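The values are calculated or read from the model by the stated rules, or taken from the named source; none is laboratory data. Computed from a prediction, not measured in an experiment: that's the story for all the values here. Virtual Cβ from ideal backbone geometry, glycine too; neighbours counted across all protein chains shown.
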Amino acid sequence: MEDLKAEVSSLRTEVKYLKIIIPSACGFVALLLLIFWGVERNNIGERVSEALNEHAVSQALQDIEQSKLSAEQHLSDIEQLHQSSKNKAQSLINEIKSIKQESPWSVVEILSVDHSSGTKGQYFNFDVHVIDDALGHPNWHDKVFLILDTNTQKLDRAILWRSKNGGSIGDGHGRWNSGASPNQWSAGKSLVILSGPQA
């Protein structure tokens, strides 16, 4: 009987120790799991951050390459435009050089810049007798002349009509043969007819 009591008491002691040890062990395991998850979560965060950084760098490199291609295209366009302008200027210079000394150079005063279309400065109006006198004949209606705008120093071809079309002053009118737009001409200025007329 005494042995049985001793054995029961020993079992009670072991259970008491187990009640203390098991929660502590569970807590320790839980702590290890939390530490592991924290480390793993940090690793995942770092991998995600690295991936995002790599993507950002790749995207930036693509943007730089695209900008480079765009800049090269713009440069090519500018060079083509510059070459076209040089060719046009050279063509006009050659034409001026080919003009005979007796060709009439006439200064024409711009009397007004209104027009029946309602635009201002796209057309210029002048006295037709000035060109009649310079050419020695009136057969230049609807013809193209090489002229110099003394206000802007632009040298180009203009078409002239020996008729009035809404101008408040002047009985002839004209405009640039190409690229005509409002506000290109000013009353009180003048132009110089260098050669023409052309059909």
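Things worth noting here:
- Residue check, Ser195 of a type in the set (S, T, N, Q), surrounded by 17 or more Cβ atoms within 10 Å (Cβ to Cβ) and farther than 12 Å from His115 by Cβ: yes
- Residues in the stretch 156-185 that are under 30 Å from the mean Cα position of the chain (by Cα) and assigned to a loop (DSSP other than H, G, I, E, B): Asn177, Ser178, Gly179, Ala180, Ser181, Pro182, Asn183, Gln184, Trp185.
- Count of the stretch 184-198 residues which are small (Gly, Ala, Ser) and in contact with a Ser or Thr (Cβ under 7 Å, 6 or more places away or on another chain): 3
- Taken over the stretch 171-189, the criterion of being free of Cβ contacts under 8 Å to residues at least 60 places away in the same chain and surrounded by 14 or more Cβ atoms within 10 Å (Cβ to Cβ) is satisfied by Asp171, Gly172, His173, Gly174, Arg175, Trp176, Asn177, Ala180.
- Residue within the stretch 126-134 that is modelled with pLDDT under 90, outside any loop (DSSP other than H, G, I, E, B) and surrounded by fewer than 17 Cβ atoms within 10 Å (Cβ to Cβ) present: yes
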